[in-house]
Structure formats: structure tokens, C-alpha cells
Amino acid sequence: MRARPIALLFAVIALSPAEYESGSVAAEVHFSREILPILSEHCFQCHGPDEKSLKAKLRLDTKEGALGKRANGTAAVVPGNPKESQMFLRITSSDKEEKMPPEKLKKDLRSDQIELIERWIKEGAHWGSHWAFDKPSRPAVPLDPSLSAILNPIDNFVADRLRRAGLSLSPEASRAVLIRRVALDLTGLPPTPREISDFLADPSIDAYESLVDRLLASPRYGERMAWDWLDAARYADSNGYQGDSDRTMWPWRDWVVKAFNENLPFDQFTLWQLAGDLLPNATQEQKLATGFCRNHMINGEGGRIPEENRVDYVMDMAETAGTVWLGLTFNCCRCHDHKYDPLTQRDYYRFSAFFNQTPVTGAGGDPQTKPFVEVPTPIQRRSSERLDLEVVRAAKELAVFEQTKFPRPSDQPVSSSQPLKDLPKELQEHTAIDPAKRDAGRLEKMSVYWKTNDAAYFEVLEILRKSVNERSALLASIPRVMVMEDQSTNRATFLLSKGLYDKPLERVKAGVPESLAPSGTHEPTNRLGLAQWILSPENPLTSRVFVNRIWQQFFGIGLVSTSENFGVQAENPSNPELLDWLALEFMSSGWDLKRLCRLIVTSATYRQQSTAARELWERDPQNRLLARGARFRMPSWMLRDQALSASGLLVESADGRPVRPYQPDGVWEESTFGAKRYKQDQGEGLYRRSLYTFWRRIVAPTMFFDNPSRQVCTVRQPRTNTPLHALATMNDPTYFEAAMHLSAKLMTNSNLKPEGWLKRAFLIVLGRHPSDAEFGRLNAALDRYTKDFGLNPAQAEAILKPGGQSFLSPDSRAELAALTVVCSTLFNLDEALTKQ
Amino acid sequence: MNPLFENRLNLTRREFFGRGALGIGTAALASLLSKTGGLGSEVSAPRSPVIPGLPDLPHFAPKARRVIYLFQNGAPTHVDLFDYKSRLQQLHGKPIPDGYIGGKRFSTMTGKADGKLILSPVEAFKQHGQSGAWVSAFLPHIASVADELCFLKSMHTDAVNHAPGISLILSGGQIPGRPSMGAWLAYGLGCDTSDLPAFAVMTSVSKGTSCGQIFYDFYWGSGFLPSRFQGVKFRGSTDPVLYIKSPEGMGRPMRREMLDDIAALNEIKLREYLDPEIATRIAQYEMAFRMQASVPELTDISREKDDVLGLYGPSVREPGTYAYNCLMARRLVERGVRFVQVMHAGWDQHNSITTELYTQCKDTDQPSAGLILDLKQRGLLDDTLVIWGGEFGRTPFIQGNLDDRKRWGRDHHPYAFTVFMAGGGVRKGMSYGETDDLAMNVVKDPVHVHDLQATVLKLLGIDHERLTYKFQGRHFRLTDVHGEIVSRILA
């Protein structure tokens, strides 16, 4: 046996939210932010909302339960008096049998938590509900004359928070940093050197604001905003599961881009996607939007019980809506009442009942399971109109011909014609059908017969047959987007034991979670009502949940870091007043998303530089207090788009059909035993924006690391730092070809000398000019590589082989190869990978 | 520098192994790293730094340090391979006697099982070794190592379909989205090498089969754990790890130069921004460089002796076969990888018990046994846990027509199946648990998949109730809210 080095284990030092506050004054303990999370984490498992696991009939999640007198005259919590509070006595007991939480649960309280509870009881045990379930009330914008650098109210909240922590906002980042940051944030693409120099030279006082307005107006804005929505909507181009048939949901994806670009107010955006089909006189577009709900996986595995599938789909739709709009972890309630949140299993099934009304049966794996809408492209629509006319015309000509061929009195059917009666029986049947209604099969059989018997008849038949064939091929190619539709009779919804489709318990009616629906409000009965309830100003969650995700998009982490969960176990917001203010501002602006984005990116908070003193990195590693600008690695799709854009390879086109860019050989084949073959595109398809890449659900595109796989709804993208990512950006042909293409582009620009190539490349990739040290290092590398490749022309040829032959004369090839390696170096710098 | 800050910068980041770049200087770092690069070096050469796991792990002294899971995708038939019942031969062709079915749920292919006909095992069974374990003639090599094995004959699960069943046994939940076992172990225990990932996956498919089992990537996903813990797929092609090869024409010296430039320029940025993430990035690029050497070294089997290769059978030299993957599994664990998941599809014999099952067994029998022997002769079996098994069993009754022997099959059967384990602190030569006389239902010492998981974690020194991760406000664990350790199989 070999000895293995024993892993050295280091304690992870993490700051709890309270600790990044320095020298904070002991303010009154805040129940919902400080006490409720402790109770939830350590007590609710047995003393919470789940009645089945309730111990000692004691509930600590309600005021009555915690403060009320118990049968024996004591109370768990006696305001002002920890020593008489049974709960406090139990958590501080030295008797193993008495002590709470029980040792075996491994949920011991820390001494600081016990002290906090003691203080809270002493201060009167003020009760409250979970912050996110209370309607936000508009907080006063903190005004402090000493605050400087305020550009809009966001900054007042942030600066006030920082002041309390003994910190202040950092200075604004340089213009070069700012334009790259905001261009990537709003369009997902870096600025061009021209855009950079224009911005740097713009003397007007609102140069930055004008830049922001230009970016928001760019059609690329919609493409950028769509990505996160697609992850949330688990959008993919195939079903998932065995078979993984290709689907055609992409017109829905294009609609999302369009809706963002047209700045469709978020309430409409929501209403259409949840219930567009139920709107009065619903338009095709409103129906199309409901494709959101149908983006779930479809299981076509042989032997699956249809009803089991169907129930899975309904649950997926309900849980997705719960996460996307309400930030609730509904899935816990499939099997039991929520352990922490005031959500019951009944609530879950009542909520799912809204989605339980479609005619979908769950049988089979048809990737275009009805109901669907057909969404032809403009070209398809024109072709279809043309072919309709052609078929009509050809059918008419045939009718005329057959009138002569099979003469009969005008009031008699063709079957009465004697010449027809002499023909084979089958042919008589085909001919008896109106030419305009004959399908391709009948026409085919007739053609075969008449080809050798009547050339003239055959010719007329063929014209119709070809048109009909062409039309059916076209119709089959028109994308069908699965959408929502409720069947006319209400399908009964049952509470299912442990979430099992075949273990129905009691029947439930559609409804929203009781604890979230203020009594007396109008109860929604269908999806439209549900959507309206979600958007009601009374709903405490929707706006908070969504503005938090937009914040997360720009800052890399939400004001509530658990953006998928706003329940009791959610992390407390780092700046609760700011979150509420933004949520209310967003609603009162008429759910104007572009306005919200503009508000955020024009704040001084957003515009801060992202450098910081060592002490600050140490104290606030995740930048929760916002004393500096955000700095984090871009999503992998944005990295790819950046490389394509910087190199000039990017093809921007409005064709929504998914494309198949570079992917290593065999990836699909290995996962599907050859059933799915990846046929890489040639030309334009290799260089489209990442958004249009074909998304095979069972084996997601390999070039997008750290992205949700789109199997289920995901609203928080992971962000990790692994060697596999380095391998991808160094070796994926997309990136290397981009380096080569960029190099060739620079070298064919006759105005530039080698030094100029480098400086220009640096500017294009990083959006700024290199320092002397940086330039020196890269220039030395360029010289070295040029010499190496000069001595080894075969190596230069090998490097330039993919797509490199057409560039430049043979004597420049060593230089081109060398510059390619240097540009690949640039694409792999931390700064290139990072939005800073 | 503030020591606390440095500590945090370097050491609290689990991905930041060894010394960070900060303060060492690139040249020194590069030379340090090139020494551990290990081009073609013997495995016993100086090891790259380990990647630490969680500070409170292991919870107790581990018996196993690493796992090789030989996952048999599609559900091998326990009835024909391990769970011998003479009564099945007696009742061949007769309806299932009363009292065995009782409203049980089967796949829609079977629908209601009442009245189905019993199908006798298609090959002969014999007892093997001192332990007297029953193994069918399908698996002579596995039979020959029976005394090394511990058979769990009372496995049962909740799922009747493949994807949910595999997801349940590998990740603890039927619905995709939870971390798989390997990801949990990578997260909890780290890795004994930084040249290779902690969790490696390989897939293969039986030569004879055409059935459409699919390897979903959630079978080795990291779920809500950080994605660096997900299984890294080693492919049986010229590019064993995606993007491992430098572009044509870029040799290793040039790649080194490029990385030196990247590190130098990143250090300038680090001094300006002081963002610890930059230091991590420098380290990760260095690991990528080491992987570019260690992966080709891993897959270069030219120095393997013929008698060793012979253990794995004739197709061992053919990349992408089960035999080749078994050999790679040994080479991976030998180099410090924590969890190797070898997945082999083709066990779904709905209508091919008398045909494809033979090919399937032929492809997997010798390599599985060979791996155990090879680990043993290297002294690795003591602390390497090998698990062999699928997601459920197959019905003791027939699917198909009794008169059409060529198309005999068995449907999915979640109520009983057999898994075997070897090494890593498990008792040898043991059979645990029992099914009834038709191999239909477990009657003694049932082992649910969550129990298996709890036991595997226990062998690795982990309390399955304490390895948790908080997500969506809940502390998740591999065994969900279940799992009893099967203590009688612990050596």
C-alpha cells in the first residue's frame, strides 16, 4: 500500500454578514433579520410550520406559539425576561437531555447567537414577520449633507450604509474602464476602438449618460438580457431525456429578444408569458409568449407512464413560475409542508392547479406536443402564400383537363363518367376526389399510372403534385412552438402523497399560497388571475425578486445573494432599504426595465473603480457593502462573444434558427451512442452570437462552462475558476481562430508596424493602452515567437492551418503565427476574462 | 503583508493549492511547477500538491481513500447473474404464484404483472470460492474473484425508469439537479493530486447492443455544489479531456512561455487590483498546464506490462471500451484521483436475455475482475472501494413470448437487485441480504439505495448526515433525509 500525503486542512475563515460591519453600535435587535434566521435554521425543523414533524406542540414560527401561555402556564418566550423564557432556559441548559436543539440534530447554537436571543428577549421580544413576505414600504432616501459623489438615490442608500460601516464610495473608474464595463453589461459585447476614442474625447457633461442611452437602444441589448432569462426559462432546442428529440421553440427565444429590445413593460412581459393565451382576443404574439411555460423537459422514454410524465411537467411549470417571479422554493412542498416558510403542501398543489389545465396528456416524446402555434419566418410566410396560389392554379388546370378527359353531364360527378369506370378501381377513387383536395400520395399514384398512358395528363398532374409536395415540405419545416391553452373542462387537481402521481389524497382548488394572499383579496381562478396576482402591488415578492436579479446581473451578486430563494432561509439583503426602494421605483415606473437598468448603471455606485485597498478585500471579499465597483469573470457566453467581436469574426444576423459552432468531435455521439450527430456549421454559423447556439439539453454546448444546463429553472449562474476553463479559452478553436483573425486583420492594415499591431490588439481586446511594462513583455514575446516560427516554418504553417491559408504572403507567415500566439495570450489575461 | 490576508488570499480558497503566485515570482513558480509536471515520470515521483477538502473531514478514520464505481447502466438482471433461485427453474413458464405482486407498480411495458409467466435463469449457476457465492456461468471471471467480493443481494429502489433510477442511486434524488456522489466526495475530501481532477468519468457501451440508453451529464453533475466539483469526462478519443490539446504547431516550450507571459501580466494586475481571484486564476492556468502533460501521460499505456494488460482482456488497448476504461480507472486512482465513475450501457434486456446479454457479460466480465486483481496486486485494493452495479434489477417473469426464445426479455424491477463491492474496508467473501424464493421481493436485511450511499460515505470516513450543503435554504445531503449504514458488511 502506498502512503498518500495527508491533506492539510485549513480552517475556512468566512465573514458572517454582521462581521463586515466594524465597530457597529448596538442597535435594537432586529427580529426578522437577526432572530428569525436563527429560529428558522435551528428550531423550525421541529417547531415550525410543518405540522407532521411538530414536536411538543410548540411552534416558534408564530407569535402565538412562541409568546403564548402553554398548558402548563409557562411560555417559550417571556418578553423582557430570559430567565423565565422556557426556550432560553432550554438552549442554555447544561443538561444533555434538556438542551435544545438536541445534540443529534447537529444544529448547535453558537454563543453569539444565544447572546443575541437573550438581548432580543430583554428588549421585549418584538415579533415580526419575515421581511420578504411584508409588502415593501417606500423607505426615505437617506440625506446626509456630508455625502458626496451622489448621482442618484441608489447612491444615497449605498453611501449611508457605507458610512455606518465607516467606509465610503470609491472614486469613479476611468472612462476606458467604464465604457468596457457598461458595454459588456448592456450589450454583452466590448466597445470598438472607435467607440472608445469617441467616448474618451466627448467633452459633454453627460457623455456617459448618452453612451448608456446608445447602448440601451442597440438591438444587442435584447440579446444580452435574453441570456439570463433563457437560463431561468430552461430554454433548450431539444427535449432532454432519452431520445432527446429536437424541438423548435426558438421563435419564442427570438420573441424574448424582441420584447427586451422593445422594452415591453415587465408586467406585460410577465402576463403574456404566463397567460397570454387567456387574454381577451389574444394575439399570435401573446400566445407565442406562453412558450415560456412549455420549455420544460419532455420524457419520451419507452415504458414511462404518461400520467407520471404529465404530473412532472405540471410541477415543473409551477415550480419555475414560483422561482422566477416569487423567489420561492416550492419544490420542498411536493412531499410535505415547508419546513421553514409558511407554505403548505396544500399551497403547492393549489398553485400547481393553475398549470394543470392544458390538454397535454404526457404520452410520448413529441417535441411539438399540442397545443402549439406555427411561427413561419417571413421567407416561409411568403413561400407559403406563393405555394398556396400555385396549388390552387394547378388544381384548377387539372380540373379543366379532367373535365375533358372524363366527360359527363355537368350536374353529374366524375365517377359517372364511363371512361373513368374503365380504369382500375383505386385510380377511380383518387380521381373522384376534388383535385384541390388530393394529397401527395394520391397524386403520386395517379402520376405513375398516367406517365405511360397519357403524357399530357401526366404533365398536368405533375405540376400539381410538385406544388403540393413543395407546400407540405414547407409546412413541415415551419417551426411549431408549444404554448399554453386550457382545456374546456376543468381537470381535477389533487394533493399527492409524497408527490407521487398515483397517490392522490384530497382534491384541491386552484389558489395562491394562503400566507401570501391578504384576506379579502380576489382569489384568482386561472393562470391569468395568477399572473395578475403576481403583478399586484400587494404582492411583496415579484418586484423585489426581479430587481434583485437585474442587480445580480450587473454586480455579480444580488442584494439578496440567494436570488433563487426569498423565503425565511434566504440570506438577508445587504441593503434592505435599497432593495425596497428599487422594487417600488420599478413598479411605479410602470415596470420599465430599460429605465431600471439606466438607473443602476448611471449611479455612482456602479461607476466606482473596482480596485480596492487590501483591507477592504479582506473585510468584504464579496463586495456586499459596495465600497468598490464590481469585478468578476464574465459568463462564458460573453467571453466567446467578446472574442468573436474583437477579432471581427462576429456575424450579426437576425436568423433565429439555432447554429452549430465549433465543438470537439464526438461529444454528442458519445452521449447518445451515435443517435445524435453533431454536424458543425460552415461559415456564418460558426460566428453567430452565443445566444443562437443549438442547445442540446442532455449534453449542453461544451464551450459554455459554468452555465446552467437548462434542464430545470436556474436563476443564479455558478461562477468558478478551474483549469478546464483555462483549457477552453486557450485551446478552443473559436478563441484561437479569433486570435489569428485579429492578427491577420491588423497585419493587413498597412498603416501599422509590428509595434502598432500589438498596441492595437491590446486596445481591441482590453479596451485600453498597454503600460510600458506590459508592452515590453508582449513585444519581447512577439520577437521571440517570430524568430522561432522563422526557424520552424512548418510549425507556423501548422498553427495557421485552420483558416489561415488565405492570409498574407508567405514571408509574413512567421509574423502572423507569432502575433496569433500573442493575441491568444491577450484573450487569456485575467483582465480580458474579467469585467472590472 | 498582513498574514491574515495572505492566509485568506491563498489558503481559504480550496482551489488554490500549493503556494500561490503572489510573492513567489513567476520564474520560481514556473520552476516549482515544472518539477511537479511529471512528464512520463513514474507514478511514485514527487507528487503535486494535494487539494484539501473540508476542514472537518474526515469525520472518522477512513477505510477507503478512493472509489471506483463500475456503473452498469440499464439494470443488469440479478435473476440471471447472481440471485440464484431453484424455484424459478421449477416454475418456468408458469404464472407467478399468488402473493408476490400485490399491486406493485411496473413500467408501462409490463403494466399489470398479475398472470405473467416465470422465466427461469437462462444460464447455469454454480457456487464459487470458499465463500460459496452463487454466480452464473455468464460471468466466469467475476466468479473467480468471488472471495474478494461482498454481494448485496437485497438492494431495492424507488424508481422504475432508467434516468430517475440512475439519478437516485448516483445523486440521492430522482430528479436531476442534486450533486452526484463523486461531486460530494470531491467537495468533502478534495483530491490527492492537483495534476488531475478529483472526479473523473468514463463511458462505454456494449458492442452488441443497439438500445438507446443515454449518458446524461447530470449523472456526474455537481448540482448546486460549485461546478468545479463536477465529474470531468475522460473520453476514449484522441482528446481525452475537452480542449486538452494545444493548437497544432504550439509545442510545450511555447505554451510554457505563453503561460509565463500570462502570469507576469496577471501579476501586474494583481498588484494593481489586489483581487485574490487573480491569484487563483494564475494557479488554475498552471494546473491547466500540468494537466496538458499529465493527461497524455495518463493515457499512454505503452509501459504497461503485457501480463497486466492481459488481466483486463483483449479489448484493453482499444480506447473507449469498458476494458480500457477499467485500466484507466486504475491509472487514475493511482495518481490520486478521488472518485472514478466508469459507466457502461447496454444492460437493458427487454427482449435480448438470450442474445445481447451474452455480449454484454463478455465485454464486462473480465475487465471488472481484472481491475480487482490488478488493484490487489498493487496493494491498492485495501483502500480503494470498487462498486459494481446498476440502477435496479429485472423481473423474474418474462417480457415477451415464451415460445420465442430469441426474444425473451425481462422488464425493469425496482423491488430487488444485486450490487457487489470489493476492497476499501468491505468484508470479503460475503453475501448480505436475501430475496424471496422467486428473487422478486427482499425478505431479509433490505438495503435501499440511500443505505448504500450512507455506507459508502462511512467507508470514506464521512458521516452521511454531516456532509451537507446549504442550498435554497435547506441543508442537502447525498442521502436526502434517509440512509442507514449497513454495518455488518464493514470489515
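Observations on the structure shown:
- Average beta-carbon neighbours from other chains, 10 Å sphere, peptide B:274-285: 6
- Equivalent ellipsoid, segment A:549-597 (semi-axes from 5 times Cα gyration tensor eigenvalues, Å): 20, 12, 9
- Averaging 1/r across all pairs of distinct Cα atoms in segment A:193-345 and inverting the result yields a Kirkwood radius of 18.4 Å.
- Residues B:E484 and B:Q89, FRET efficiency given R0 of 30 Å [Cβ-Cβ distance, rounded to 0.05]: 0.30
- Taking the convex hull of Cα positions in segment B:153-263, its mean projected area over all directions (nm²): 10.8 nm²
- Extension reserve of the A:L105-A:V448 stretch, reckoned as 0.36 nm per residue once the Cα distance is removed: 115.5 nm
- Working from the Cα coordinates of segment A:69-109, the gyration tensor eigenvalues give, after taking √(5λ), semi-axes of 21, 11, 9 Å in decreasing order.
- If you wrap the tightest convex hull around every Cα atom of chain B and split its volume per residue, you get 148 Å³.
- Here r is the Cβ-Cβ distance between A:T74 and A:E115 and R0 is 25 Å; the resulting FRET efficiency, rounded to 0.05, is 0.65.
- For residues of A:338-350, the mean tally of beta carbons on other chains within 10 Å: 1
- In terms of the mean number of neighbouring beta-carbon atoms within 10 Å, the peptides A:760-771, B:411-422 order highest first as B:411-422, A:760-771.
- Label-point gap, in nm, between A:A399 and B:D445 - each point 7 angstrom along Cα→Cβ: 8.2 nm
- Over all pairs of different C-alpha atoms in segment B:355-491, the reciprocal of the mean inverse distance, the Kirkwood hydrodynamic radius, equals 17.5 Å.
- Mean separation of Cα contacts under 8 Å (6+ apart) over length of segment A:25-128, as relative contact order %: 27 percent
- Volume of the convex hull of segment B:218-288 (Cα atoms only), normalised per residue: 102 Å³.
- Each eigenvalue of the Cα gyration tensor of segment A:667-786, multiplied by 5 and square-rooted, gives one semi-axis; in descending order these are 36, 18, 13 Å.
- q = 0.10 Å⁻¹, segment A:378-478: log10 I(q)/I(0) [Debye, one scatterer per Cα]: -0.29
- Rounded to 10°, Cα long-axis angle of helix B:252-273 versus longest principal axis of chain B: 70 degrees
- Maximal additional length on extending the A:E615-A:Q680 stretch stands at 18.4 nm, based on 0.36 nm per residue less the C-alpha distance.
- For peptides A:549-555, B:328-334, sequence by mean Cβ density within 10 Å, most packed first: B:328-334, A:549-555
- Packing here is the average count of other Cβ atoms within 10 Å per residue, and on that basis the peptides A:405-418, A:636-649, B:381-394, A:455-468, highest first, run B:381-394, A:636-649, A:455-468, A:405-418.
- Pairs of alpha carbons in segment A:563-621 whose separation is greater than 16 Å (percent): 64 percent
- DSSP beta bridges in chain A [antiparallel fraction, %, rounded to 5]: 85 percent
- Computed magnitude of the charge dipole of the protein assembly as shown (debye, nearest 20; Cβ of K, R +1, Cβ of D, E -1): 1060 debye
- Normalised by 2.2 N^0.38 Å, with N the number of residues, the alpha-carbon radius of gyration of segment A:315-420 equals 2.20.
- Crossing angle, helix B:449-459 versus chain B [Cα axis fit, 0-90 degrees, rounded to tens]: 50 degrees
- For segment A:25-128, radius of gyration divided by Kirkwood radius, i.e. Rg to Rh on alpha-carbons: 0.93
- Neighbouring Cβ atoms from other chains, within 10 Å of the Cβ of residues in B:51-62, number 2 on average.
- Working note: Debye formula, equal point scatterers on the alpha-carbon atoms of the protein assembly as shown, no solvent; log10 I(q)/I(0) at q = 0.04, 0.06, 0.09 Å⁻¹ is -0.26, -0.60, -1.34.
- Between the helical axis of A:175-187 and the longest alpha-carbon principal axis of chain A there is an angle of about 60 degrees.
- Using the Karplus relation 6.51 cos²θ - 1.76 cosθ + 1.60 with θ = phi - 60°, the per-residue 3J(HN,Hα) values for segment A:646-663 come to 4, 7, x, 7, 4, 10, 9, 9, 9, 6, x, 4, x, 10, 10, x, 3, 8 Hz, with x marking Gly and Pro.
- Phi to ³J(HN,Hα) by Karplus 6.51 cos²θ - 1.76 cosθ + 1.60 over segment A:471-481, Hz, x for Gly, Pro: 5, 5, 4, 5, 4, 5, 8, 6, x, 10, 9
- Secondary-structure-derived ellipticity at 222 nm for the protein assembly as shown, considering helices only, amounts to -12500 deg cm²/dmol, per-run term -39500 (n - 2.57) for DSSP H runs with n ≥ 4.
- Largest to smallest principal axis extent of the C-alpha atoms in segment A:324-376, angstrom: 46, 23, 17
- Relative contact order of segment A:378-478, pairs being alpha-carbon contacts under 8 Å that are 6 or more residues apart, as %: 36 percent
- Note on B:R427 and A:E84: the model spin-label points, each 7 Å out from Cα along the C-beta direction, lie 5.9 nm apart.
- Pairwise inverse Cα distances across segment A:731-835, averaged and inverted, put the Kirkwood hydrodynamic radius at 13.6 Å.
- Counting charges near B:T395 (Lys, Arg +1; Asp, Glu -1) among other residues having Cβ under 9 Å from its Cβ returns a value of +2.
- On a per residue basis, the convex hull of the C-alpha atoms belonging to segment A:410-556 measures out at 327 Å³.
- For segment A:731-835, the relative contact order comes to 40 percent (Cα pairs under 8 Å, sequence separation of at least 6).
- Cα Rg, Dmax (largest Cα-Cα span) when computed across segment A:497-595, Å: 16.4, 49
- Radius of gyration, Dmax [segment A:214-254; alpha carbons; angstrom]: 13.2, 46
- Calculated FRET efficiency for the pair A:K57/A:I478, C-beta based, R₀ 56 Å, to 0.05: 0.35
- Per-bin percent of Cα-Cα distances, segment B:61-130 [5 Å]: 3, 12, 15, 18, 19, 12, 8, 6, 5, 2, 0
- Pairwise label distance in nanometres, A:E652 with A:D434, each label 7 Å out on the Cα-Cβ vector: 5.0 nm
Values quoted throughout were computed directly from the atomic coordinates according to the rules given, and no laboratory measurement underlies them. Please read all numbers here as calculations on a predicted model, not as lab measurements. Cβ atoms come from the backbone with ideal geometry, glycine included; neighbour counts cover every protein chain shown.
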